[in-house]
1. With (1) in contact with a helix residue (DSSP H, G or I) (Cβ under 7 Å, 6 or more places away or on another chain); (2) closer than 29 Å to residue 206 by Cβ as the list, and residue 365 as the residue in question, which single condition is left unmet?
2. Scan the stretch 6-18 and tell me whether some residue there is within 20 Å of residue 243 (Cα to Cα) and not charged (D, E, K, R).
3. Identify all residues within the stretch 337-377 that are more than 19 Å from residue 307 (Cα to Cα) and among the polar types (S, T, N, Q); write none if there are none.
4. Going by the structure shown, is residue 85 at positive phi and surrounded by fewer than 22 Cβ atoms within 10 Å (Cβ to Cβ)?
5. Which of the helices (runs of 4 or more DSSP H) found entirely inside the stretch 211-308 contain at least 2 residues meeting this: closer than 23 Å to residue 189 by Cβ?
6. I'd like the full set of residues that are out of contact with any helix residue (DSSP H, G or I) (no Cβ under 9 Å at 6 or more places or on another chain), surrounded by fewer than 24 Cβ atoms within 10 Å (Cβ to Cβ) and either under 29 Å from residue 230 (Cβ atoms) or among the β-branched types (Val, Ile, Thr) (or both), limited to the stretch 317-345.
7. Give the stretch 264-310 a look and list any residue that's loosely packed, with under 13 Cβ neighbours inside 10 Å and within 30 Å of residue 74 (Cα to Cα), or say none.
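The values are calculated or read from the model by the stated rules, or taken from the named source; none is laboratory data. Here the structure is a predicted model, which means the values were calculated and not measured. Cβ coordinates were reconstructed from backbone atoms using ideal geometry, including for glycine residues, and neighbour counts include every protein chain displayed.
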Amino acid sequence: MQLARRVLEVKPSPTLSISSKAKELKGRGEDVINLSVGEPDFNTPEYIKEAGICALKENFTRYTDTSGTGELREGISQKLRKENALTYSAEEIIVSTGAKQALYNAILVLCDPGEEVIIPSPYWVSYPEMVRLAEAVPVILQTRNFKVDPEELKKVITKRTKAFILNSPANPTGVIYRREELKAIAEIISRHNVYCLSDEIYEKIIYDGEKHISIGSLNNKIKSLTILINGFSKSYSMTGWRIGYAAADKEIIAAMKRLQSHSTSCPNSIAQKAALAALGGSQSEVEIMRKKFEERRNFLIEKLKEIERVTFPTPEGAFYCFLSHPKITNSLSFAEKLLEKEKLAVVPGIAFGKEGYLRLSFAASFGEIEEGVERLKKFLKTV
């Protein structure tokens, strides 16, 4: 069978592969600690679930507008104005089947074959593959201390550069970009009219009193070039509900709507009602989850400090720790053997474009985190 070249060139997601293998072992009765997962381990808040149940009971089960219901887009508009100092009308917002679809749609409508998209490394595993599926070219930008160096960014911009992907708070490192750092990036890409795909899915999971800043809020020029990507999966523990969104110039959103109309038709109607409730309800449970993640982060950091020669950037947001050790020379092989021998699932750094590292998720209980670190410590003594 001859499959299309575009799909043959796509690499499977190592994060999902490791997680799937861990679940398989657990299903066979193995004592597996899974620190590979990229989703909150909390339940969706009750008031959000109730909104979904209510939508079912009221038979809100038909197609909605391709770009999402007007009330949800208006709710997102109000959220962006209130929380992010960004003014977007409902017509400048599209709701998709997860932030992942919103991002993929944005890349497809922006990029022609052969155009370049700059992706700072380490990066979320799907960024390069989405760019390749659009037949564009991922240009991997090495970072300094896991952040973009403006001088290095200038060097990789060419006449073919169409977009730059920004992820703050970042997966897998947990780093966040401060205002001055964002200004430096914005000045460079604005000068070259390069679009900024700003992935802000972890914006509410941030620590040490820091505040999230949307790059589009800096000035009108960068706002016109920004496609903001966000969703409900991480902040509201709604990964399976599959609701995300994009906000951008009206022309870009209209193009994304045309594309979406021929793929998924519209977002899930019931999940849209739940998302609207998430925006309009009390945010106290979001803060409770954030605080628990911060406590777990602090606990994980202290445990990892007990292992000699382990280094990592302190996660400032999201719920991952990206660590290195001199013995992690082949991260994929290391992760596979770690799962096989110690039944500990983590994600190899090579999946994020950074060899010699592992990503540990602290979206897990204190007991799982402690046991996971002990198993890692034990394994390092044997390799």
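1. (1)
2. Yes, the stretch 6-18 has at least one match.
3. Result: 365, single match.
4. yes
5. Ranges flagged: 220-225, 250-261.
6. Within the stretch 317-345, just 329 meets the criteria.
7. Listed by number, the residues that qualify are 265, 282, 284, 287, 288, 291.
Yes or no, residue by residue, for (1) of a type in the set (Gly, Ala, Ser); (2) at pLDDT below 95; (3) under 18 Å from residue 268 (Cβ atoms):
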site	(1), (2), (3)
71	no, no, yes
85	yes, no, no
97	no, no, yes
106	yes, no, no
121	yes, no, no
132	no, no, no
